[in-house]
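Chemist: Please find one structure pasted underneath; my questions will follow.
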Amino acid sequence: MTSGERANSLRRWCLRPAPHHDAVAGEPFTGWSILREVPGPLGVLLWQSLRDALLWAATPVNSRGALFSSSARARRAELLAAAKPDERLGSALRLLETLIGSTSSGDAEVTGAAAGQVVSWAVSRDHPQTALAFAHAAAAVLPSSAAAALRAGHRAHAAGYQHLAEIWYRRTISLARTRREWVPYASALVGLGRVYADRDPAAARVYFLKALRACRRVGAGATRAHAFHGLFRLAAAAGDHVLADGLASKALRRFGPHHPGRSELLQDVAEYRLQQGDSRVAMRILQDLLEVRTRTPERMRTLVALVRAAARVGDRPVLESAWFSAMALIGRLGETEDGARCNLDLARAAVDAGECARAAEVALRAFQLSQRLDRRQLCREAEEVLDQTRAGRPPVSTIRESHPAAQGSGRVS
Amino acid sequence: VKQPARPLLVLHGDPTVRDRLRALTDAGYGYEEYADWAALSAGVHDAPASAVVVVDPYFPKGGLAAELRELLFRYPSTPVTAALEVTADRATDLWTLGKWGICEIISVHHDDTKEAILTRVRSTHARKLREAIAAILPPETGGRARAIVDTAAELVASGADSSKNLAVALQVSRRTLLRWTVLAGLPPPRKLLAWVRILMAAQRLDDPDQTVLDVARAAGYGGDGALRRVTAKLVGLSPGAMRRRGAFAAAGARFREALVKHGRLHLTSQGDSPAAASIC
C-alpha cells in the first residue's frame, strides 16, 4: 500500500448512497420495465435474475446464506430451460445463478461481471430499461466499484433518467477518488457535464473542464474527446461558432477514425451545420453516417436530420429515400412507445421541410399510437405538431438553398 | 412522536407462506389473516393507513382475481404485495399485476424465506410515498436533493426519522448532511423530515375512509392535536381544510414553495451565481 492509498484509507469520505431506481423510473415494483421490454419466458427469467441479485446485495453478509429457498436453484434452472436464451446471455444468467446460497464476496465479483454482460446484451438489443436495471444490479452487487457505478450512470442517462444519472455519476466520483481510479473519475465528470448541459450550461462547462484536466493527468484520450465533444455542444448552443469549430476538430482528432463516439459527434456537427444554414455539408455528413449508424434510435435520428437537410437543399431523391427508410424503420418498431416517438420526430422534420401532408399523416399516427399506449405527454406533443400542420408552414422553397438538381424543377413541396 | 405496530393483512391459500408471514410478528408487524376477498377489503377499510397487505393474486384458484383489482382501485395508497409462484408462463400476469398497482412480488418457493419476505415487505413501506414526492419536486431539483428527499421518505415511512438516522443512511456526518441540504436548496434535515412526515400524513388524508385521528397515529403523531399543530405551522391549514382542498396537492404546493424559498435564500446569502450553486 502506497502512502497515498494509506492516507485515503484513513480519510473520511462522503460516499453517496446508491439510488432507488424504481421510484425514479416510475416502476410499480422492481424490474417491471423488463417485463414490458422483453415479453415471455425470457422476460420472467431476466426479471427473476435481477431481483435475486438486488435482494442478495441488500441483505447483510451474515444473512445471505439462508436468503433463498432450498428449491430456488431448481426453479431458476426451470426458468432457464423454458426461456432458451442465446449462448451469450445464457452463460451470463447461469453465472448470476451462483448468487443463490452464496455468501462470499468472490461470487459478487463474478456476478457483477455477469450482470455487466447482460447490460451489453440489452444494449445490443435496444432494451434501455433492462440495461439500466442490470447496470443498477451490478453496481449494487459491487458497491465499491467505480466502474459499475459509472456504467449505471451511463445507462440511466441513455434511458433518459437525468436525475438518476446524476446520482450515479456523483457516487462514481466519490468511489473513484477513494480508490484513485482516475479514468472513471474523468468519465463521471463528463457524464455530469452532459446531465447539466441543458439545465445549466455554465455548470456543465465547469465539469467538462475538470474532466479535461483529469484526462490530461492520466492520458485518457477517448474521455478527453468526449469532454471536447461536450464543450462543442455548449459552444454550438451558445452560438460561439469559432470556438465550436475548434472544439469539434479537437474532439474528432482525439476520437480517431474508428471510435464509436465519432459518429455521435459527426451527427451533432451535421445538425449544427444544418442550424447554421450549411445544409449541403450537413447532408453529405449525414449520408456518410447512414453507413455506420445502424442501431434503430441513432439511425432514426440521422434519417430525421437528413429529411430536413435534403428538403432545404432541394434534393428530392435524397429526401424521398430518407423518408422511406425512416418509414420502414418505424414499421419495424411496431406499436411501441419508441414507434410513437419516431413518428413524432419524423412529423416535426416534415413540418420543418414544409411537407405538411406527410407531417399530418405521421403526426396522426403518432397521436393514435400514443393514445393506444396511454402516453399522455406524447399525445400532447403529437397534437401540437398536428396543430402546426393545420396552421401551415412557410413553403420549403423560401428556405431552400440553390441546388443544381432542383433549380430546374421549381418547388420541392 | 410514537410509532404504532404495523398491521400485516394476509389473504393466502398456502399454509407455508402464511406461517412465514406470521413469523414477521417479531419484526414489528401485527399479523391478521383473512379468509376471503370481502373480509380482506373490510379489513383494509378498518386498518390504519400504515397497514401492508400480502395476497395470493390467484385466490381462491384460477386466473388473476378481479377482487384484487377492485381492492387496488379502492385503496390506491395501501401497499399490496402479491405472493405467487413465478413460472415461465406468468410474464403477462406479472406485467398485469404491475399495471393494477401491486407494489412488490414475493416469489413462492424461491425467495419466500423469512429474511427475503421481510426485505420485500419493508421495501413497500415507502414506495408510494417516494413516488408521490418524486412527482411534486420541481423539475430543476438536482440529483443530490432527490437522493436526500428519497432517503428521508424511506426513514419517515419506517418510523426512524431523525436527522441522525438520515445522516447515517446517507453515510455522512450530521454536519456534512446540513451542508449538503443547504447546497441542494433543501430545508435543514429536521425540517425536511417534518415536511416529509406531513406529506405522508397528507397522502393518507386523501383517503376519505380514514379519520384524522387514524391518519395522525399512522403517521406517528401523538394524536390529531399534534397533527393539527404541525399542519397549521407548515401548511397553514387544518387537516380538515387540507382534505377539502386535496390534502397531498395542498401540502405538496407548500413544500414546493418552501424548496424554492430555501434555494433562493441560499443563493442570496452565499452571493453565488445559479450556475455555481447548481454545481454543488
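Chemist: Please verify whether region A:210-225 includes one or more residues that are surrounded by 24 or more Cβ atoms within 10 Å (Cβ to Cβ), in contact (Cβ under 8 Å) with a residue 40 or more places away in the chain and in a helix (DSSP H, G or I).
Modeler: yes
Chemist: Another question about this same structure. Do you know which residues across region B:231-242 are closer than 21 Å to residue B:137 by Cα and assigned to a helix (DSSP H, G or I)?
Modeler: If the condition is that a residue be closer than 21 Å to residue B:137 by Cα and assigned to a helix (DSSP H, G or I), then B:231, B:233, B:234, B:242 are the ones that fit.
Chemist: Let me ask something else about it. Among the residues of region A:283-290, is there at least one that is free of Cβ contacts under 8 Å to residues at least 12 places away in the same chain and on the phi < 0 side of the Ramachandran plot?
Modeler: Initial filter on region A:283-290 (free of Cβ contacts under 8 Å to residues at least 12 places away in the same chain): A:284.
After this cut, where a residue has to be on the phi < 0 side of the Ramachandran plot as well, the list is A:284.
Taking every residue of region A:283-290 in turn, at least one turns out to be free of Cβ contacts under 8 Å to residues at least 12 places away in the same chain and on the phi < 0 side of the Ramachandran plot.
Chemist: Also: If you go through region A:39-79, how many residues are among the polar types (S, T, N, Q) and either more than 7 Å from every other protein chain (Cβ to nearest Cβ) or touching a strand residue (DSSP E or B) at 6+ places or on another chain (Cβ under 6 Å) (or both)? Break it down into steps so the answer makes sense when it comes.
Modeler: Going residue by residue through region A:39-79, those that are among the polar types (S, T, N, Q) are A:48-49, A:59, A:62-63, A:69-71.
Remaining after also requiring either more than 7 Å from every other protein chain (Cβ to nearest Cβ) or touching a strand residue (DSSP E or B) at 6+ places or on another chain (Cβ under 6 Å) (or both): A:49, A:62, A:70.
Within region A:39-79, residues that are among the polar types (S, T, N, Q) and either more than 7 Å from every other protein chain (Cβ to nearest Cβ) or touching a strand residue (DSSP E or B) at 6+ places or on another chain (Cβ under 6 Å) (or both) number 3.
Chemist: Within the group A:147, A:137, which residue is modelled with pLDDT under 95, more than 14 Å from every other protein chain (Cβ to nearest Cβ) and buried (at least 24 other Cβ atoms within 10 Å of the Cβ)? Steps first, please.
Modeler: Details: A:147 fails: buried (at least 24 other Cβ atoms within 10 Å of the Cβ).
Testing whether each residue is modelled with pLDDT under 95, more than 14 Å from every other protein chain (Cβ to nearest Cβ) and buried (at least 24 other Cβ atoms within 10 Å of the Cβ) leaves just A:137.
Chemist: Checking residue B:228 against (1) surrounded by fewer than 19 Cβ atoms within 10 Å (Cβ to Cβ); (2) at pLDDT 90 or above; (3) closer than 28 Å to residue B:167 by Cβ, which single condition isn't satisfied?
Modeler: That leaves (3) as the condition not met.
Chemist: Return a yes/no flag: does region B:60-81 have any residue that is within 23 Å of the chain's Cα centre (by Cα), within 23 Å of residue B:200 (Cα to Cα), part of a strand (DSSP E or B) and more than 8 Å from chain A (Cβ to nearest Cβ).
Modeler: To start, the set of residues in region B:60-81 that are within 23 Å of the chain's Cα centre (by Cα) comprises B:68-81.
With within 23 Å of residue B:200 (Cα to Cα) added as a condition, the list becomes B:71-81.
Right, trim to part of a strand (DSSP E or B) and you get B:80-81.
Narrowing the set further to residues that are more than 8 Å from chain A (Cβ to nearest Cβ) leaves B:80-81.
So far as region B:60-81 goes, yes, one or more of its residues are within 23 Å of the chain's Cα centre (by Cα), within 23 Å of residue B:200 (Cα to Cα), part of a strand (DSSP E or B) and more than 8 Å from chain A (Cβ to nearest Cβ).
Chemist: Restricting attention to region A:20-38, which residues are assigned to a helix (DSSP H, G or I), within 7 Å of chain B (Cβ to nearest Cβ) and hydrophobic (A, V, I, L, M, F, W, C)?
Modeler: Step one: filter region A:20-38 for residues assigned to a helix (DSSP H, G or I), giving A:21-25, A:32-37.
Adding the requirement that they be within 7 Å of chain B (Cβ to nearest Cβ) leaves A:23-24, A:32, A:35-36.
A:23, A:24, A:32, A:35, listed by residue number.
Chemist: If you don't mind, another one. Working carefully through the options B:214, B:207, find the one that is among the acidic types (Asp, Glu), farther than 22 Å from residue A:171 by Cβ and assigned to a helix (DSSP H, G or I). First the steps, then the outcome.
Modeler: On the way: B:207 fails: assigned to a helix (DSSP H, G or I).
Checking each option against the conditions leaves just B:214.
Chemist: Among the residues of region A:191-198, is any under 19 Å from the mean Cα position of the chain (by Cα), of a type in the set (D, E, K, R) and at pLDDT below 90?
Modeler: Let us first name the residues in region A:191-198 that are under 19 Å from the mean Cα position of the chain (by Cα), namely A:191-198.
Now restrict to residues that are of a type in the set (D, E, K, R): A:194, A:198.
Those still in the list that are at pLDDT below 90 too: A:198.
Yes - at least one qualifying residue is present in region A:191-198.
Chemist: Tell me which residues, restricted to region A:33-70, are under 18 Å from residue B:92 (Cβ atoms), free of Cβ contacts under 8 Å to residues at least 12 places away in the same chain and surrounded by fewer than 23 Cβ atoms within 10 Å (Cβ to Cβ).
Modeler: Hit for region A:33-70 is A:39, nothing else.
Chemist: Filter region B:92-116 down to the residues that are hydrophobic (A, V, I, L, M, F, W, C), surrounded by fewer than 23 Cβ atoms within 10 Å (Cβ to Cβ) and more than 22 Å from residue A:59 (Cα to Cα) and list them by number.
Modeler: Selection gives B:95, B:100.
Chemist: Inspect region B:106-114 for any residue being closer than 19 Å to residue A:55 by Cβ and assigned to a helix (DSSP H, G or I) and give the result as yes or no.
Modeler: yes
Chemist: Give region B:33-66 a look and list any residue that's in contact with a strand residue (DSSP E or B) (Cβ under 9 Å, 6 or more places away or on another chain) and either of a type in the set (D, E, K, R) or closer than 22 Å to residue B:213 by Cβ (or both), or say none.
Modeler: Selection gives B:33, B:36, B:43, B:44, B:47, B:48, B:50, B:51, B:52, B:53, B:56.
Chemist: I would also like to ask the following. Just one of (1) within 15 Å of the chain's Cα centre (by Cα); (2) touching a residue at least 24 places away in the same chain (Cβ under 8 Å) trips up residue A:135, so point out which.
Modeler: Failed condition: (2).
Chemist: Collect the residues in region B:154-210 that are among the hydroxyl-bearing types (Ser, Thr, Tyr), surrounded by fewer than 19 Cβ atoms within 10 Å (Cβ to Cβ) and away from chain A (no Cβ under 12 Å), keeping them in residue-number order. Walk me through how you get there before you give the answer.
Modeler: Taking region B:154-210 and keeping what is among the hydroxyl-bearing types (Ser, Thr, Tyr), we get B:158, B:162-163, B:173, B:176, B:181.
If we keep only those that are surrounded by fewer than 19 Cβ atoms within 10 Å (Cβ to Cβ) too, we end up with B:158, B:162, B:173, B:176.
Selection gives B:158, B:162.
Chemist: Within region B:106-137, take every residue that is facing chain A (nearest Cβ under 8 Å) and without any contact (Cβ under 8 Å) to a residue 12 or more places away in the chain and give me the one that is farthest from residue A:29 (Cα to Cα).
Modeler: Checked region B:106-137; the qualifying residue farthest from residue A:29 (Cα to Cα) is B:115.
Chemist: Look through B:65, B:49 and report the one residue that is at pLDDT 90 or above and small (Gly, Ala, Ser). I'd like the intermediate steps shown before the answer.
Modeler: Values: B:49 fails: at pLDDT 90 or above.
From the options B:65, B:49, the qualifying one is B:65.
Chemist: While we're looking at this one, here's another question. Just checking, does region A:320-343 include any residue being buried (at least 21 other Cβ atoms within 10 Å of the Cβ), in contact with an Asp or Glu (Cβ under 6 Å, 6 or more places away or on another chain) and in contact (Cβ under 8 Å) with a residue 12 or more places away in the chain?
Modeler: no
Chemist: Under 9 Å by Cβ, and 6 or more places apart or on different chains, what pairs join a residue from region A:146-163 that is over 20 Å from residue A:125 (Cα atoms) with one that is among the acidic types (Asp, Glu) and modelled with pLDDT under 95?
Modeler: That search, which allows pairs on different chains as well, returns A:146/A:181; A:147/A:181; A:162/A:198.
Chemist: Determine which single condition residue B:103 fails, assuming it passes every other condition in (1) within 22 Å of residue B:251 (Cβ to Cβ); (2) at the interface with chain A (Cβ under 9 Å from one of its Cβ atoms); (3) modelled with pLDDT under 85.
Modeler: Just one mismatch for residue B:103, condition (3).
Chemist: I've got another one for you. Give all pairs with beta carbons closer than 7 Å in which a residue from region A:353-369 that is closer than 24 Å to residue A:279 by Cβ meets a residue that is basic (Lys, Arg) and part of a loop (DSSP other than H, G, I, E, B); count only pairs at least 6 apart in sequence or on separate chains.
Modeler: Every condition considered, the pairs that remain are A:354/A:393; A:356/A:393.
Chemist: In this structure, does residue A:229 turn out to be closer than 22 Å to residue A:305 by Cβ, in a loop (DSSP other than H, G, I, E, B) and not small (Gly, Ala, Ser)? Outline the logic, then answer.
Modeler: Values: closer than 22 Å to residue A:305 by Cβ: yes; in a loop (DSSP other than H, G, I, E, B): no; not small (Gly, Ala, Ser): yes.
It is false that residue A:229 is closer than 22 Å to residue A:305 by Cβ, in a loop (DSSP other than H, G, I, E, B) and not small (Gly, Ala, Ser).
The values are calculated or read from the model by the stated rules, or taken from the named source; none is laboratory data. None of the values given here were measured: they were computed from a predicted structure. Quick reminder, even Gly has a Cβ in these numbers, built from the backbone with ideal geometry, and neighbours come from all protein chains shown.
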